[in-house]
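The values are calculated or read from the model by the stated rules, or taken from the named source; none is laboratory data. In this text the structure is predicted, and so the values were computed from the model without any measurement. For neighbour counting, all protein chains shown are included, and Cβ atoms are generated from backbone atoms with ideal geometry for every residue, glycine included. Accessible surface is based on the protein model in full, side chains and every heavy atom, while ligands, DNA and RNA are left aside. Shrake-Rupley method; radii C 1.70, N 1.55, O 1.52, S 1.80 Å.
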Amino acid sequence: MTRSKRTVVEVESVDPNKYKKRVKEKDAIDKLSHVELSNEQLTLKDDIIKFCENGIKEYKEGDKPRVFIIRGGAGTGKSVVLNSLFNDIQQISKNGDKEVLKDTRNYLLVNHPEMIRLYHRVIKSFEWINKSEIERPTSYINGFNKTHKGLNDIVIIDEAHLLATCKNAYKRFLGDNHLSEVIKTCKVIIIVYDEEQTLRTDQYWGGIKGSTSLNDILEGNVELVKEYTLREQWRMQGKGSLEVYEWIKRMCFQNEVYPYPKECIDVGDDGKTFEFKVFDNCQEMYDKIREKDEIYGQCRMLSTYDQPYRLQGKWYVHGSGGFKLMWDKFTPGAMIPWSERRDTIDEVGSVYTIQGLDVNYAGGIIGPSVRVESDGQLQIDVSKYEDKAGTSARGDMKRGSRLHQLAVEKMIRNSLYVLLTRPVRGLYVCFI
């Protein structure tokens, strides 16, 4: 097999009458569909459209697809770029003057139920995108294999770090890897990828029959790979937000908990300062989150997956100060994201509920699978992690093996990172 060419471009309830005015915040749809892109994001979008044009124009029967990877940490605007990009591509395809992309057959894939709901709502703002063009990867792959209509043109994958990397008959995926199967279906692939947001062992790249990374899947299977990394933080805003974001990364991936960022709380509603506080009482933190929710909306309690949860019945998260609140309820028919529904202020969100979405304030309950030692170092105890489905064994990764232990520890770190990087205005944390 020929070696792939690679170009890396480094670029207690609160009285609602207490507050005279509730701050109007954008919902998730506005954040994806009504946002002005930065110059960097606009340039990136234009570059990807040219990449697609060249890939379609130069494609010859039997060629391997070309891949463009958008990298970047949580909150760097990857999905915002992708949504705008897909809308533009579909407009050109259906009503544009660029002959090379005219009448092309294109799809957007995302392996996340909350995000697929959001995308299905977002497209109501865009006349050029049809619901049938946004799919889960397994449905897309199975549909392609069934119809045999020939290669599609462009496939865009949001949250590609959530793609399945092993067979799952229960979910009707019989291949070895989502991406490997998608590669067989099209001429150009656009991928949003952040390895620090993989959450389950069945998405773990290190366990693929000797493969260790996304690059191993691409190597020899694609014609050309181009990459771009978005670095500017767009979600966590205000003075002090960068300090908090860097602390989150040091804690999750370098074990450095101390020193905490400077505490800052009750700074007013001008949005110029990012609030941060470490609580030693979960109930007090929840009271503060409720208070903030009455002002801003979309302020929620979140927790590491360290207390049991099942789809049926009532399952609770317990914490200090007498805190007891239900886990987020399973609502498959709901169209509005969990973080925007008013009733969910009385629930605790998991990493699966909140990934890819924003809140204004987050109250993060951490532990006991994650704990802080007396020397200020983070320690992971995989035996206390309750996400049994997300840490299941697989054919190439036996439960209890060293590889499985390492994978679960990585999933716990990633999950903590995802949870704590959701807020726009402020983050409160409480270790239990």
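Output yes when any residue across region 265-285 is part of a helix (DSSP H, G or I) and either closer than 26 Å to Tyr193 by Cβ or among the aromatic types (Phe, Trp, Tyr) (or both), and no when none is.
Scanning region 265-285 turns up no residue that is part of a helix (DSSP H, G or I) and either closer than 26 Å to Tyr193 by Cβ or among the aromatic types (Phe, Trp, Tyr) (or both).
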What tally of residues in region 78-106 results from selecting those that are in a helix (DSSP H, G or I) and either in contact with a Phe, Trp or Tyr (Cβ under 6 Å, 6 or more places away or on another chain) or under 15 Å from Glu135 (Cα atoms) (or both)? 7
Would you say Thr344 is out of contact with any strand residue (DSSP E or B) (no Cβ under 6 Å at 6 or more places or on another chain), polar (S, T, N, Q), surrounded by 15 or more Cβ atoms within 10 Å (Cβ to Cβ) and farther than 28 Å from Val382 by Cα? yes
When the residues of region 178-219 are narrowed to those that are at pLDDT below 90 and assigned to a loop (DSSP other than H, G, I, E, B), which ends up surrounded by the most Cβ atoms within 10 Å (Cβ to Cβ)? Tyr204
Are any residues in region 363-376 open to solvent by less than 40 Å² (accessible area, probe 1.4 Å) and either within 19 Å of Leu302 (Cβ to Cβ) or part of a strand (DSSP E or B) (or both), and if so, which ones? Gly363, Gly364, Ile365, Ile366, Gly367, Ser369, Val370
For region 149-176, how many residues are touching a strand residue (DSSP E or B) at 6+ places or on another chain (Cβ under 6 Å) and of a type outside the set (A, V, I, L, M, F, W, C)? 6
Pairs returned, first residue in region 121-147 that is open to solvent by less than 40 Å² (accessible area, probe 1.4 Å), second residue that is of a type in the set (Phe, Trp, Tyr), beta-carbon separation under 8 angstrom, 6 or more apart or interchain, are Ile129/Phe86; Glu133/Tyr107; Ile134/Tyr107; Ile134/Tyr119; Pro137/Phe173; Thr138/Phe173; Tyr140/Tyr107; Ile141/Phe173
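Test Ile116 against the criterion of being closer than 25 Å to Ser180 by Cβ, touching a Cys at 6+ places or on another chain (Cβ under 9 Å) and part of a helix (DSSP H, G or I), and give yes or no.
no
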Going through region 227-270 in order, the residues found to be crowded, with 17+ Cβ neighbours inside 10 Å and more than 21 Å from the chain's Cα centre (by Cα) are Gly238, Gly240, Val257, Pro261, Cys264
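Filter region 41-77 for residues that are out of contact with any Pro (no Cβ under 9 Å at 6 or more places or on another chain) and assigned to a loop (DSSP other than H, G, I, E, B) and give the result. Lay out the reasoning, then the answer.
Within region 41-77, the first condition is being out of contact with any Pro (no Cβ under 9 Å at 6 or more places or on another chain), and the residues that meet it are 41-54, 56-58, 60-77.
Within region 41-77, Glu58, Lys60, Glu61, Gly62, Asp63, Lys64, Pro65, Gly73, Ala74, Gly75, Thr76, Gly77 qualify.
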Every listed condition ((1) crowded, with 21+ Cβ neighbours inside 10 Å; (2) assigned to a helix (DSSP H, G or I)) holds for Leu109 save (2)
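Results for (1) part of a loop (DSSP other than H, G, I, E, B); (2) among the small types (Gly, Ala, Ser); (3) under 27 Å from Phe274 (Cβ atoms); (4) open to solvent by 30 Å² or more (accessible area, probe 1.4 Å), shown as yes or no for each residue.
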{"site": "Tyr352", "(1), (2), (3), (4)": "no, no, yes, yes"}
{"site": "Tyr361", "(1), (2), (3), (4)": "no, no, yes, no"}
{"site": "Leu378", "(1), (2), (3), (4)": "no, no, yes, no"}
{"site": "Val408", "(1), (2), (3), (4)": "no, no, no, no"}
{"site": "Arg425", "(1), (2), (3), (4)": "no, no, yes, yes"}
